[in-house]
1. If you take the residues of the stretch 27-53 that are modelled with pLDDT under 95 and of a type in the set (Gly, Ala, Ser), which of them is farthest from Gln75 (Cα to Cα)?
2. Filtering the stretch 184-230 down to residues that are among the basic types (Lys, Arg) and over 26 Å from Trp272 (Cβ atoms), which residue is surrounded by the most Cβ atoms within 10 Å (Cβ to Cβ)?
3. Anything in the stretch 151-164 that is touching a residue at least 40 places away in the same chain (Cβ under 8 Å) and not acidic (Asp, Glu)? List them, or say none.
4. Within the stretch 231-269, can you find the residues that are farther than 14 Å from Ala203 by Cβ, open to solvent by less than 50 Å² (accessible area, probe 1.4 Å) and among the β-branched types (Val, Ile, Thr)?
5. Find the residue count for the stretch 22-43, including only residues that are in contact with a strand residue (DSSP E or B) (Cβ under 8 Å, 6 or more places away or on another chain) and part of a loop (DSSP other than H, G, I, E, B).
6. Which ones in the stretch 99-115 are touching a residue at least 40 places away in the same chain (Cβ under 8 Å) and small (Gly, Ala, Ser)?
7. Which pairs do you get when a residue that is touching a residue at least 40 places away in the same chain (Cβ under 8 Å) and open to solvent by 70 Å² or more (accessible area, probe 1.4 Å), found in the stretch 53-67, comes within reach of a residue that is part of a strand (DSSP E or B) and among the aromatic types (Phe, Trp, Tyr), reach meaning Cβ atoms under 9 angstrom, with the pair 6+ apart or on two chains?
8. In the stretch 4-15, which residues are touching a Phe, Trp or Tyr at 6+ places or on another chain (Cβ under 6 Å) and buried (at least 20 other Cβ atoms within 10 Å of the Cβ)?
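The values are calculated or read from the model by the stated rules, or taken from the named source; none is laboratory data. Remember, predicted model here, so these are calculated numbers, not experimental data. All Cβ positions, even for glycine, are placed from backbone atoms using ideal geometry, and neighbour counts span all protein chains on display. Note: accessible area is taken over every heavy atom of the protein model, side chains too, but ligands, DNA and RNA are not part of it. Shrake-Rupley method; radii C 1.70, N 1.55, O 1.52, S 1.80 Å.
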Amino acid sequence: MTLMQKAITPALARAHVEGGYDRMAGYVVRAEDVAFATTPAQLFEVHGLGYPGSPFRPDAQFIDLLRFESGPQLQYRDVPGYIVPLWWLRHSRITPGAELVRVFADGSVTLLARYGDVGTGWSVTNLGYRPALASLSRCVGPVAKWHSAYLEADLVDGGNTVVLALANPPLAETGFQQAQSGRWFRRVPREDVSELFELDLTARWNGLAVRVVDQWQDAQRYVVARISHLGDDLDHAEHLRLDRVEAGVYEAVVYAAELTDIQTNQVVPHTWSPGPARALRRPVSSQSSY
């Protein structure tokens, strides 16, 4: 895996350490490519944080960074004139072991929080509390089939172990335990999981290409969806008045009935395959109507 790095807005940093928010999206770089940037001013430059409406400043006292292992939703972007190679990350769940760090003007670095996995969530350092729990979504992040049930999951221990997660206590004794975060989880060998994949549910909303990242029923029992913009049609996203989370990242909550051209893609990176042949297999995907 490659260690990636992303500048985190103050609003998202608060969401991570206070609300337990476990998602990420937007432009990222390889950590090794920007290792020379050790101050907020340098990070402002290499991460291209001077976009219109940016909450970042080159003279800021600190900038927060998320450092995480690469995942299946990364897409290389050839951006002319950019200082370092750039990737675009579709709305994704944070990968296990990610760290949120704060870089100060004197070059010092403080660890703010560490993300364990989907079962344990965030651990915040030196603040005396644990973040709230973010809701689980089968639309984002790995999903495992275990004992005929599909559960939110993460692959850890070098690909040898799968963490299974439940939002509520299991109905029967199945070996799940409750993490300090409040979520229920169980670790099982990779071989015990018959399927492991990530759903990539895409659609169009008013002609805009989007990824569906959450679904639920509202008080009137209508199905609503949280959508995240795909592609480069930023003018269209602005015209439709989606919420701009940060540069290039637009999201909104809409009625699911308004979505068209819905497609479900099962993403299976070769590193998720079981057994010794894991490294020999290529990524597999299958498409179907949702």
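1. Gly53
2. Arg204
3. Hits for the stretch 151-164 are Ala153, Leu155, Val156, Gly159, Val163, Leu164.
4. Val249, Val267, Val268
5. So the answer is 3.
6. Residues satisfying the conditions are Ala105, Gly107, Ala113.
7. Gln61/Phe104; Phe62/Phe104
8. Answer for the stretch 4-15, where residues must be touching a Phe, Trp or Tyr at 6+ places or on another chain (Cβ under 6 Å) and buried (at least 20 other Cβ atoms within 10 Å of the Cβ): just Met4.
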